[in-house]
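The values are calculated or read from the model by the stated rules, or taken from the named source; none is laboratory data. Small disclaimer: the values here were computed from a predicted structure and weren't measured. Don't worry about glycine lacking a Cβ; one is built from the backbone with ideal geometry, like all the others, and counts go over all protein chains shown.
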Amino acid sequence: MIIDNKKIGYDQPCFIIGEIGINHNGDIEIAKKLIDLAAEYGFDAVKFQKREPELCVPENQKQILRETPWGVMPYIEYKKRMEFNEGQYKEIDLYCKEKGILWFASPWDIPSIDFLEKFNPPCYKVASALLTDKEFLQKLKNTSRPIILSTGMSTLGQVDEAVKLLGLHNLAILHCNSSYPAKDEELNLKCIPMLLERYKEGVIGYSGHETGVMPSVIAVSYGACIIERHITLDRTMWGTDQAASLEPRGMELLVREIRRLPIIIGDGIKRVYDSELSIMKKLRKN
């Protein structure tokens, strides 16, 4: 799989995505701060979410009053305030280019695909919620761009159907639990080697919604070539995704530990290292 001339695979460095999503709370300056942090700590890309609220919010929820950072308002108005417009995405596009980091998004409806196409994205991400929407998947496939598919709240049969439609060429399949935050006992990371065996010609990764970084590092040791984690300035900020997100220190640890992993795993050849020779001489009689 290739994303913006970067090879993604088992003999390549793990591709690490910082999911900004909606953690910017509609504030372009918060988005820029998160881009800064992701670039500083060595993430390969940041990701946003793009919706047309009139299409994505169910009719029976649109006028429900909600507490928001801007006071009490109908849910549909809140969702509209959370969306960046074309001018703001142009600003994001330029800012990411200046910082040397890729950006892309998860579209949540067909018009949002058309919107994002204006920015020539390096790839698309399919949110778990849309894995069974065949019309949406076909529209994405028609762009001929690489696709990253999350598989939360899905059966293997449903994943098979999505993969059959999309094809394995330039497709990454991410193991995922869609709870925010996900419980340790429901992460089930042994699904990663199972997916590797099932979809041999594809790329397998992990989209983590847990707290902490250890499960995501373990996922790489199981063969995940892509890691996606939500990122935030502060987990106590307003928003549904904040609690399952990594703060700056967690972002730093995630990248550091994933980059250490190939060194720690080694090549599997049993040998005596130079650092052991003096100890061996001291402690062994034979």
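Key figures
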quantity: Index of the failed condition, ILE30 passing every other in (1) under 30 Å from PRO193 (Cβ atoms); (2) in contact with a His (Cβ under 8 Å, 6 or more places away or on another chain); calculated: (1)
quantity: For ARG235: the one exception among (1) touching a strand residue (DSSP E or B) at 6+ places or on another chain (Cβ under 6 Å); (2) within 30 Å of ILE28 (Cα to Cα); calculated: (1)
quantity: Boolean, ILE265 is over 30 Å from THR68 (Cβ atoms) and touching a residue at least 40 places away in the same chain (Cβ under 8 Å); calculated: yes
quantity: So LEU137, is it under 14 Å from the mean Cα position of the chain (by Cα) and either assigned to a helix (DSSP H, G or I) or not basic (Lys, Arg) (or both); calculated: no
quantity: Within the range 180-208, considering residues that are touching a His at 6+ places or on another chain (Cβ under 8 Å), without any contact (Cβ under 8 Å) to a residue 40 or more places away in the chain and within 19 Å of GLU19 (Cβ to Cβ), the one surrounded by the fewest Cβ atoms within 10 Å (Cβ to Cβ); calculated: LEU189
quantity: Failed item in (1) of a type outside the set (Val, Ile, Thr); (2) surrounded by fewer than 20 Cβ atoms within 10 Å (Cβ to Cβ); (3) part of a loop (DSSP other than H, G, I, E, B); (4) touching a residue at least 24 places away in the same chain (Cβ under 8 Å), with ASN120 passing the rest; calculated: (4)
quantity: Some residue of the range 30-53 being surrounded by fewer than 16 Cβ atoms within 10 Å (Cβ to Cβ), in contact with a Pro (Cβ under 7 Å, 6 or more places away or on another chain) and free of Cβ contacts under 8 Å to residues at least 12 places away in the same chain; calculated: no
quantity: Count - residues of the range 140-162 that are surrounded by fewer than 15 Cβ atoms within 10 Å (Cβ to Cβ), assigned to a loop (DSSP other than H, G, I, E, B) and among the charged types (D, E, K, R); calculated: 0
quantity: Count of residues meeting criterion [without any contact (Cβ under 8 Å) to a residue 60 or more places away in the chain and buried (at least 19 other Cβ atoms within 10 Å of the Cβ)] in the range 85-105; calculated: 3
quantity: Helices (runs of 4 or more DSSP H) completely within the range 1-104 that count 2 or more residues being within 19 Å of ASP234 (Cβ to Cβ) and among the hydrophobic types (A, V, I, L, M, F, W, C); calculated: 28-41
quantity: Some residue of the range 211-231 being loosely packed, with under 11 Cβ neighbours inside 10 Å and either farther than 17 Å from ALA45 by Cβ or at pLDDT 95 or above (or both); calculated: no
quantity: Residues satisfying the stated conditions in the range 142-155, i.e. of a type outside the set (Lys, Arg), out of contact with any Ser or Thr (no Cβ under 7 Å at 6 or more places or on another chain) and touching a residue at least 12 places away in the same chain (Cβ under 8 Å); calculated: THR143, PRO146, ILE147, ILE148, LEU149
quantity: Verdict on LEU165 being under 15 Å from MET1 (Cβ atoms), of a type in the set (A, V, I, L, M) and either modelled with pLDDT of 95 or more or buried (at least 19 other Cβ atoms within 10 Å of the Cβ) (or both); calculated: no
quantity: Filtered residues of the range 240-258 (kept if surrounded by fewer than 18 Cβ atoms within 10 Å (Cβ to Cβ) and modelled with pLDDT under 95); calculated: THR240, ALA243
